[in-house]
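The values are calculated or read from the model by the stated rules, or taken from the named source; none is laboratory data. From a predicted model like this one, the values you see are computed outputs, not experimental measurements. Here the Cβ positions follow ideal geometry from the backbone for every residue, glycine too, while neighbour counts run over all protein chains shown.
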Amino acid sequence: MDGASRPPESKGAEGQPPERRQGFVAQKARQFVALLVRLFFRRVVTLGVEALPRDRGILLVAWHPNGLVDPALILTSMPGPLVLGARHGLFRWPLLGLLMRALGTVPIYRRSDTSGPDPAHRSHRNTTSLDALAAEVAQGSASALFPEGISHDAPRPTTIKTGAARLYFRARQLRDPTSHAPAIVPVGLHYDRKRVYRSTALVVFHPPLNLPTALEHDDGANPEAVAALTEYIEEALEESSMGLDSWALHALLHRARKLVRAERAHRAQADPGRSDIVEKIIGLKRIWVGYQHRSQTDPEAIDAVQRDIAAYDEDLIALGMDDHDLDRPPSVFRPTKHLLLLGQLMGVFVLMPPIVLVGYLVNSAPALVVASLASRLSELKKDVATLKLLLGLILFPTTWLAFGLLGAWGSPLSSGASTPQIAFVITTLAATAAIGGALSIHYVRLVREVVRAVRVRSTRRLQLDAVVRLRKQRSHLHDRIMGFAEGIDLPGHVREDGRVDW
């Protein structure tokens, strides 16, 4: 590959790349994806947009923990047009393939694919598909790629493939010599509870990578340069995703974050309120940076504090309490709080069960059909979740509407009723089936939360000794953790009340 095959392009004022425009179909497809994102998430927070380069092409790279949701979040969070690359097998799915074509997604033919023609032909198709994305980046557009090549549930990025590095070098070859070299921008994707409907997500556009001098002037023609840039991208994804060896360790660092925050607030005699996802992630990043540094310099001390945090965590769980509960002493009888708890008990154990039962009965059959069809129709195991989402978007609303129609048809109220009245009955029954289905998924968790609320109120009175002991333990752990942080440049800014800003 060489610069002689550079595609034609028009230049903007002062040699800058022209503004890229989206076609009408792509705009409508993007609006549809944005609607799906708004329906799926309660809130999506985006940070770092203001730091994105405006005078060059951009290659966004991100880890891939959540299937189709990952590109949807990046697409709807990125200002301006964005060209996505996706595994070519996804284009064979009827609805998904249609949507991706409307968005202008470029199919990526991976060299590692085991199906299809001979290896030489697969390699050629891989190079051609990466060239298509590289041409967009070379002309000043933004493109996104998931260098792992596969979605996963691991707590850190899996092995990074060379596609992103090869795409970057190719875009640099294809660009106008008078324009700036493309920028590689790592993207952090963080999910509050990624398997929970109407949860919260955070998209962080990190500053562009400052490449080593050797890579800045390399044309990428030799495998060593591609390997070096791939390793550099892998390190950036490790940092942007805060990769760890296990989810258990991930939970332990979150416990460290929460106990440090609670102890800071206690010492400041402040009530900072609940953490939002931005504070959770920057707080975790501070703990992660300290953990990574001290694991290299003092691993024995890190192991010791991990064991003590785990013991503290187990004691809190046994009491059904959280870190901030330790600072709320037993209170006298407060009618409002007890009435609120009584309302929760009535709602969860009296009002919800009939709705949950309807939702369970109506949605069980389509859920089984979706699971069965997804397993049979998907060629690869990693495609099952994506296919479930697409089938569910069709089958569940159809089932709810059918339930509403059958209920209205069989209701004695339907005889002599006007059309608006029948429509109201159909809508009410369909909504009950949908809400009941959602509640049935979370009902066990709701029961546990109410039981926990009752337990916390009792433990504050019956187990004061344990609370006092845990409060002292939290203070001691806070001091040890902050001792580890001495001399380390931690991200974020700590407020007086204990909160952390990005």
When only residues in segment 74-88 that are assigned to a helix (DSSP H, G or I) and modelled with pLDDT of 90 or more count, which is nearest to L60 (Cα to Cα)?
I74
Can you tell me which condition D219 does not meet? The list is (1) surrounded by fewer than 18 Cβ atoms within 10 Å (Cβ to Cβ); (2) over 15 Å from the mean Cα position of the chain (by Cα); (3) in contact (Cβ under 8 Å) with a residue 60 or more places away in the chain, and all the others hold.
(3)
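Here's the yes/no breakdown for (1) part of a helix (DSSP H, G or I); (2) modelled with pLDDT of 85 or more; (3) in contact with a Phe, Trp or Tyr (Cβ under 8 Å, 6 or more places away or on another chain); (4) small (G, A, S):
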position	(1), (2), (3), (4)
V384	yes, no, no, no
G392	yes, no, no, yes
T399	yes, yes, no, no
A402	yes, yes, no, yes
Q421	yes, no, no, no
T427	yes, yes, no, no
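Table: residues versus (1) within 20 Å of the chain's Cα centre (by Cα); (2) at pLDDT 85 or above; (3) within 18 Å of R101 (Cα to Cα).
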site	(1), (2), (3)
A13	no, no, no
P17	no, no, no
Q22	no, no, yes
L39	yes, yes, no
R42	yes, yes, no
D55	no, yes, no
V61	yes, yes, no
N66	yes, yes, no
Identify, from the list V196, V226, the residue that is surrounded by fewer than 16 Cβ atoms within 10 Å (Cβ to Cβ), in contact (Cβ under 8 Å) with a residue 40 or more places away in the chain and in contact with a helix residue (DSSP H, G or I) (Cβ under 9 Å, 6 or more places away or on another chain).
V196
I need the full set of residues from segment 304-322 which are modelled with pLDDT of 75 or more and of a type in the set (A, V, I, L, M), in order please.
A304, V305, I309, A310, A311, L316, I317, L319, M321
Do we find that P207 is at pLDDT 95 or above, assigned to a loop (DSSP other than H, G, I, E, B) and in the same structural domain as E235 (by TED's automatic domain parsing) in this structure?
yes
Tell me yes or no: at least one residue of segment 159-175 is exposed (fewer than 15 other Cβ atoms within 10 Å of the Cβ) and not charged (D, E, K, R).
yes
With a cut-off of at least 1 residues that are within 21 Å of V468 (Cβ to Cβ) and touching a residue at least 12 places away in the same chain (Cβ under 8 Å), name the helices (runs of 4 or more DSSP H) lying wholly within segment 246-334.
247-267, 299-319
Determine whether D325 is modelled with pLDDT of 80 or more, within 30 Å of G487 (Cα to Cα) and among the charged types (D, E, K, R).
no
Some residue of segment 128-149 being touching a residue at least 60 places away in the same chain (Cβ under 8 Å), within 30 Å of A438 (Cβ to Cβ) and not assigned by TED's automatic domain parsing to the domain that holds A251
yes
Flagged pairs (Cβ under 8 angstrom, 6 or more apart or on separate chains; first in segment 153-182, touching a residue at least 24 places away in the same chain (Cβ under 8 Å) and within 15 Å of N126 (Cβ to Cβ); second in a helix (DSSP H, G or I) and among the charged types (D, E, K, R)) are R170/D131
Look at L259 and say whether it is in contact with a strand residue (DSSP E or B) (Cβ under 9 Å, 6 or more places away or on another chain) and either surrounded by 16 or more Cβ atoms within 10 Å (Cβ to Cβ) or not hydrophobic (A, V, I, L, M, F, W, C) (or both).
no
